[in-house]
Each structure stands twice: as structure tokens, then as C-alpha cells.
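Student: Just passing along the structure, written as C-alpha cells.
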Amino acid sequence: MSSPRVCYVERSDRGVRLTRARLAGMRAEEVWTPSVAAGGTDIATGSIRHASELAAWLRDRLSASRNGSRSRAELDVLCVDADSSACAWTAAPSFEAPVVEAVLRQRTAMGVDGDGVQPSAIATISTVFGDRAEVGLQPLAHATKPARKRWSGAKKDDSKAVVGAGVRVPVLAVPDATIRVLADDLDTLGVQVGSAISIWHAVALAWDQSWTRLSPGAEVDGRVVSETASTQATVIVDADAGRVLWVWSREGGLIAAGSMLTPTVTDGERVEACLTTEHAARLATAFLSWGVQTGASPARIVVVASESNGAATFGSALAQAMPHTSVDMAIDVDPIGSTLRRLAERVDTRAVDPSDPQRALVALGMRPSRAHRSMYRWIAIAIVLLAALISASAWRMGSQSSKILAAARDARSRASDAVAAVRPAIAGSPFMAEELETELAVARRRSMPPDAFQPARPIMRELEGLSFLLSMPTLTLEDIDLTPTNGRVTFFVPDTVMAQEIEAACRDLEGLSISWKADIRTVEGSPDRRVRCTLSGLWPSRTAIGGSGGGS
């Protein structure tokens, strides 16, 4: 299996025209430049052609690295440059992505945020591109500072004085129309893209050591009890684009980002950026403003630059402007290339989560692919087949309904004729079946022999025997209930001894059929109602009392 591959796409003309692509691995790198024949006078048409050409080139290169199996072509990371992109704070009711995007797209004036509070780079980009959905807006995931309320001429303890409440959320704006076309072309050619990121995400993932040190599965020093990742600032000097990129990150997650243009000079075939102390002052000012928004500051600054004009001066001025932060200067011939190679090494041990906005461009990396379209297609086919089956069943039942109705009418006619021969008065009744059932039951009772009836319970005899026992003057009867299944008698006596004697007499007295059992309980009350006794029992089987007399 080949090493992870990262494709870095460079653009121009507000992020519309593709100018170059770099396909980097851990050890090798290939470069693509658009052909003149694929372009055109129209920027949009030329960009679409260039995207198709780049997709085919990537398919060929990735397939060659996978033993010629084009069906297994896979691009681990698609990285987009920072051309016409911005990262700024804006006000929104919440951190939810749809809410933030709706607020930004409903701007009130040119160069002003969606809530009309202050100008920002996000609002400027949205104004330039208009409502053509060419800019991907992505709020970063986590709130780095509690929500703030805005007050207008009132005391803070007066809750009715709130004019508007919201949160300040960092938002990343990347023009990605051409990149979306490229992603769709790659999907059409069978190239699977693992995740899509911006160059700012790439810098955070490549140069932030805490992303791999705190990653799952990483080796942990047993002597370390706990470890907390600090905020790191990384500054990359992109000499080819004449741009300085800076990133704040924590555990590889993007917190803040920005860029500024620098003049360039050509030294032979090399293009070098001209860095001055003014660039360091501007960068320190940007760090200070973001520190106010986030409530934090980087503990370490890593500057990666080539041997450009003023690189040493830039690093020294930045260290003086940030005296409480350590500044590390690294000289590299190709800072962007080193970033891509380091990113490939990181991806080899830990994949980038395409659903995390601090590590990837979510909307771009999770676009519907051929697998989604195939799933929807099969679901639609299954629904159509199920509808056809239901329709066929309904048609079949409808075609059989006339036969079933005709058979029902014929059966009722024959039944009416048969009843009319026996009971003419019932034959025309709508309740013919019920009336026949009633007459049948009466006829069955008339034809039943006398010995088929069950003997009645000797309730009167049982009541006579109980009345003999319950006629004592000190006994107070409360309730007596004799049913065809059981019996229950409740009474009050002065003491427990009398209740026990009555229970024993029930067992010894002749003429009683129920086997009475007493439930004796002491209750509060007058002396003659101190004990409550409940006699209960079941009748014996009817065969045992069938020969005995008695009334009901």
C-alpha cells in the first residue's frame, strides 16, 4: 500500500482559476499545471475545464501508485490555498452553522457584518461574491469565550434594557466553487477523497505537535500524571504566493487564522518574499486582537520561512513584539512543501475527521458522492417496486370484489329461501341470523332433560344454620353475603374467645355445607364491638350436595 497523498490546489482570480496543484507524499512530490488548450477567455469555462483536467491527472497518478487498479484510487487529503479566503469574528444568535451562515448572508450594508455591528473580512468577501453561493462559510466548532450581551444606555442589572444578545463566533470563509467542481469530477472518475481542508487546517495539523502527542493510541510517558495542550501559533511564509499565513491551533484544531500579502523579488528562478518589521508589527496586532476575542494567547510561535529577504529581521521583530511568548525560527527552502509532507506523515498515523470544522472543510469534504446517489437510486427502485406490488394487489382484490359480492348475495338469497320455508316472518328481517339464534337457544332449553340442570345451592339451609349461631345477644352482625360460589359473614363480638368458639361451632354444626374459616382481628371501639370476625368459605362441588334439598 502506498503512502498517504495530499493534493494542494493553488488558485487565482478570487479563488476561481486553478493555477497549479502539488500532489505530495511523505517522500515524493508531483506538480500539475493547466494546459493552455484547456483554458479559454471565459474564467468560469476555463476553470471547469481545468478542474476536469486536474481530476483526470490525479486519477492517473493515484491509480499508478495503487498497482494500476483505478477502482481503488484514493486521495487522502484535498487541500485548498488561502486565495481570497478570510477568517474573522462575527456576531450571531448561536454557534450553529445554519444560523451563522444565515446571519452572514443577510448583510445590511457593504463591508458590515450581518448584524450591522462592525466591518469584517467575512462581510467584504460576501459583498464581493454576492449571493451566488461561491463562498463556503464555516463557523469554527467551539465557543472560546462566553456569550456577551450588548447594552444601550441602561444599567447592566436591568434585564429589560437588552437591545440584542448573541455570541461572537469565528468564521472561515473560503471561495470553493471551483473546488466543488473538482471534487465532483474526482468522484465521477472513481477517486475517493478522504477529507477536504484549507491550507490553514493543514498548517495546524502539520506543525502542532500536540495533535499526535495527545492522539488515541499514542505512547504516554508513565511519569506524566496529566498533560494539557497549549495554544500554538504557526507562521508560514509562502514566497510563491507572496503571502504570510498564520494559524492559532490547539491539539491540531484551528482556533484562528489569517494572512497578509508581502512584496516579492525574483532571484533567478526563485521567488522570495520581502519581510520587514512592519509585517511583524501587523502580525502582532492581529495576535493582540484575536487574544482579546478568545481570552487567550499563544504560548509558542513557530515561524517557518525560506532564506528570504528580511526573514531574520522579521523573526527578531516578532519576538520583540511578543516578549512573553517564545518564538522559534525554522529555515526551509519550501515551507509549503514541508507542510504538505509533514501532513502526509501525520495522516499516515491518524486520519483527519472530515466532520470536524476545526480540522476540515465540512461542507466540501462531505459532499454527496456516487455511493450516496447509488443508495438513493436503489431506495427509489425499492419504493417503485413496492408501489407496483401494492397496486397489483389492489387491482387483484378489486377484480375479485364483484365475484365475492355476487357469491354473498347468492348465499343470502338461498338462506332466506330456506328460512322462509320454516319461519316466513323471520325471512325478511334484517336481523334474521340473530332471531334464528334466539329461537335455537329456546328450543335447546326445552329439549334439555331434567338431569342436565345443576342442583341449586342450599342457600336457605345455610342461612338457617348461621342464624342459629349468630343469634347471641352479645354478637353484632355487620354483613352476610351468600352467593352461588362462596359465602362471607362479618360480625363483632366482645372478645377473641367467643369468636373462636363460633368458628368451632361452624365446623361441628350439622346442616352447614360451607367449610367456614374465621379471620379474627382486634379493632378499636366499644367493649361489645372490640373483636371483628369474618367467616368465609367456598361451596363444595355440586355432586356432593346434589342429593340434599334446600331452597334458593
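Student: With r defined as the distance between the Cβ atoms of R409 and T485 and R0 fixed at 56 Å, what FRET efficiency is calculated, to the nearest 0.05?
Tutor: 0.70
Student: OK, next. Which of T490, T178 has the fewest other C-beta atoms within 10 Å, and how do the rest follow up to the most?
Tutor: Result, fewest neighbours first: T490, T178.
Student: Principal axis lengths of region 326-396 from Cα atoms, whole Å, largest first?
Tutor: Extents along the principal axes: 82, 21, 19 Å.
Student: Would you list D353, D83 from fewest to most Cβ contacts within 10 Å?
Tutor: Least to most surrounded, the residues fall as D353, D83.
Student: Just to confirm a number: summing +1 for Lys and Arg and -1 for Asp and Glu over residues other than F491 whose beta-carbon lies under 14 angstrom from that of F491, what do you get?
Tutor: -3
Student: Nearest 0.05, what FRET efficiency do T313 and Q209 give at R0 = 22 Å with Cβ-Cβ as r?
Tutor: With a Förster radius of 22 Å, E is 0.25.
Student: Rg/Rh for region 374-450: what does it come to with C-alpha atoms and Rh from Kirkwood?
Tutor: The Rg/Rh ratio comes out at 1.44.
Student: Net charge within 12 Å of R373 by Cβ-Cβ distance, Lys/Arg positive one each and Asp/Glu negative one each, not counting R373 itself?
Tutor: Result for the neighbourhood of R373: +1.
Student: Determine the distance separating the Cα centre of region 188-212 from the Cα centre of region 267-296; give it in Å without decimals.
Tutor: 23 Å
Student: Going by the alpha-carbon gyration tensor, a ≥ b ≥ c the square roots of its eigenvalues, is region 297-361 rounded (a/c under 1.5) or, if a/c is not under 1.5, prolate (a/b greater than b/c) versus oblate?
Tutor: oblate
Student: Something else now. Subtracting the Cα-Cα distance from 0.36 nm times the residue separation, let me have the gained length for S402 to L440 in nm, one decimal.
Tutor: Going from the current span to full extension adds 10.3 nm.
Student: In addition: Given +1 on the Cβ of Lys and Arg, -1 on the Cβ of Asp and Glu, and no further charges, what dipole in debye does region 459-545 carry about its Cα centre, rounded to the nearest 20?
Tutor: Using Cβ point charges on Lys, Arg, Asp and Glu, region 459-545 gives about 220 debye.
Student: Sort Y376, Y8 by Cβ crowding within 10 Å, fewest neighbours at the top.
Tutor: Y376, Y8
Student: Which distance in nm do the two modelled labels at T496 and I520 give, with both placed 7 Å along the Cα-to-Cβ direction?
Tutor: 0.7 nm
Student: Considering only the other residues whose Cβ falls under 14 Å of the Cβ of D328, what net charge follows from Lys and Arg at +1 and Asp and Glu at -1?
Tutor: -1
Student: Calculate I(q)/I(0) for region 459-545 by the Debye formula, one identical point scatterer on each C-alpha and no solvent, and give its log10 at q = 0.13, 0.15, 0.18, 0.24 Å⁻¹ to two decimals.
Tutor: -0.39, -0.52, -0.73, -1.22
Student: OK, next. With +1 on the Cβ of every Lys and Arg and -1 on the Cβ of every Asp and Glu, and nothing else charged, how large is the dipole of region 430-499 about its Cα centre, in debye rounded to the nearest 20?
Tutor: Rounded to the nearest 20 debye, it is 260 debye.
Student: Please report the spacing between the Cα centers of region 312-350 and region 444-519 in Å, no decimals.
Tutor: Spelled out, the Cα-based centre of one part sits 103 Å from the other.
Student: Does a label point 7 Å from the Cα of A392, set along Cα-to-beta-carbon, have any residues of region 367-385 with amide nitrogen under 15 Å, and which are they?
Tutor: Under 15 Å, as judged by backbone N against the label point of A392, lie 382-385 of region 367-385.
Student: Also, I was wondering about something else. Tell me, what ³J(HN,Hα) does each residue in region 182-195 have, in order and in whole Hz, if you take phi through Karplus 6.51 cos²θ - 1.76 cosθ + 1.60 with θ = phi - 60° and put x for Gly and Pro?
Tutor: Running phi through 6.51 cos²θ - 1.76 cosθ + 1.60 with θ = phi - 60° gives 4, 4, 5, 5, 5, 5, 5, 7, x, 9, 8, 9, x, 7 Hz.
We did not get these values from a lab; they are worked out from the coordinates using the rules stated. Just so you know, these numbers come straight off a predicted model, no measurement behind them. Cβ: placed from backbone, ideal geometry, glycine included. Neighbour counts: every protein chain shown.
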